[in-house]
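Some notes on the structure that comes next.
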Amino acid sequence: MNIELIEEIKKLKREKNAIILAHCYQNPEIDEVADYVGDSLGLSRLASKTDADIIVFAGVYFMAETAKILSPNKKVLLPNLKSGCNMADMIDLKMVKEFKEKYPDVPLVCYVNSSAEVKAQCDICCTSANAIEVVKSLGVKKILFAPDCYLGSWVQKNLSDIEVISFPGYCPTHLRITPDDIIKAKELNPDGVVLVHPECTSEVVKLGDFIGSTTQMFDYVQKTNYKKYIICTEKGVFDRLQRDYKEKTFYLVNNRVVCHNMKQNSLDDILNSLKNETYEVNPEPEIARKALESINKMIQIKGKSVFNIK
Ligand code: 13P
Ligand code: SF4
């Protein structure tokens, strides 16, 4: 651990009245300088409330963009511009317009893992922590869901009286988890409780004992008394659970569940970001204004997301 680097980041944070928000898929060393670590919903809520002048978002681009939309008067920085999201890149403005045109008058629910332009086209946003509550809140019989078809399937499974028409997007990281991986993990750890992120395929979700967002997984581990958990989401969650719950045992479902986009941000990047105030995320104001309406509607809905406050 580079103590000097960490101290330099902390000093700059104080001098510039900056906060660092970190997603729990980030490299675990980022937690040493982060003010908050959590899931997309928890971090969005924080971004809307903070009185810091600068938000450094250790996450992927759409997260920093969402923070900027929620806090337009703050400077929002992404430490490394290579941090994109493959799922968010699967749908653009043209594609979302075509999707809507195919089903006129059906409301569109948009996963936050999407660009501001796409969010501006939807009726309401959701995250993996509140997708079911968000869809229920609309009180309609049919919805469009984009871009994650597997989160869409999870919503459909829980709300059988609503028809969910999903866009065919997906997360390549979560798709690397197969039912076979879970069967093998269970053979090796018969007492392991299986925690699955709803971005996984429906076949994988079926094998889960608990399905939830990243922060909901932390919450579940904290509130339950099992000895062993099989983790079916990005490795960052496994690393943090192992670090924070020494009395419990964790088993990562396979060693391929690493989101390389999320791992782009390093402590050096964060220092550079704070020093030079780079890379500023600034969606076009009219698009940001429209996207804000959909994000705000989501934030009003009670979600079960919590976050770790250091
Ligand atoms: P949550 O933060 O909602 O658990 O989502 C996981 C994810 O893939 C973020 O990109
Ligand atoms: Fe995007 Fe998947 Fe990485 Fe999340 S884990 S940032 S959805 S590619």
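Listing for the model above:
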quantity: Point-charge dipole on Cβ atoms (K/R +1, D/E -1) for segment 205-310, about Cα centre, debye to 20; calculated: 660
quantity: Share of Cα-Cα pairs in segment 142-240 lying beyond 20 Å, as whole percent; calculated: 39
quantity: Amide H contacts of Ser166 (H built 1.01 Å from N, under 5 Å, at least 5 apart or other chain); calculated: Phe145
quantity: Sparse-neighbourhood loop sites, trypsin sites (Lys or Arg not before Pro) in segment 21-85 - DSSP loop, at most 14 other Cβ within 10 angstrom; calculated: Lys82
quantity: Debye equation applied to the C-alpha atoms of segment 213-307, log10 I(q)/I(0) at 0.14, 0.22, 0.23 Å⁻¹; calculated: -0.83, -1.08, -1.10
quantity: DSSP-loop GluC sites (Glu not before Pro) across segment 229-301, with at most 11 other Cβ within 10 angstrom; calculated: Glu247
quantity: Segment 181-310 - percent relative contact order, Cα under 8 Å, separation 6 or more; calculated: 22
quantity: Area of Cys259 that stays accessible when all protein chains are in place (1.4 Å probe, Å², to 10); calculated: 20
quantity: Charged-residue dipole, Cβ positions (Lys, Arg, Asp, Glu), segment 1-119 about Cα centre, Debye nearest 20; calculated: 380
quantity: Average Cα contact separation per residue, segment 11-64, under 8 Å, 6 or more apart, as relative contact order %; calculated: 43
quantity: Rg/Rh for segment 1-129, where both radii come from Cα atoms and Rh is the Kirkwood radius; calculated: 1.04
quantity: Reduced Cα scattering model of the chain, Debye log10 I(q)/I(0), q = 0.08, 0.11, 0.12, 0.15 Å⁻¹; calculated: -0.34, -0.65, -0.77, -1.20
quantity: Any cysteine of the chain lacking a neighbouring Cys Cβ under 4.7 Å - listed by number; calculated: Cys24, Cys85, Cys125, Cys126, Cys149, Cys171, Cys200, Cys232, Cys259
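The values are calculated or read from the model by the stated rules, or taken from the named source; none is laboratory data. The model shown is predicted, which means the values in this text are computed figures rather than measured ones. Methodologically, a virtual Cβ is constructed for each residue, glycine included, from the backbone with ideal geometry; neighbour enumeration extends over all protein chains shown. Surface areas here come from the heavy atoms of the whole protein model, side chains and all, with no ligands, DNA or RNA. Shrake-Rupley method; radii C 1.70, N 1.55, O 1.52, S 1.80 Å.
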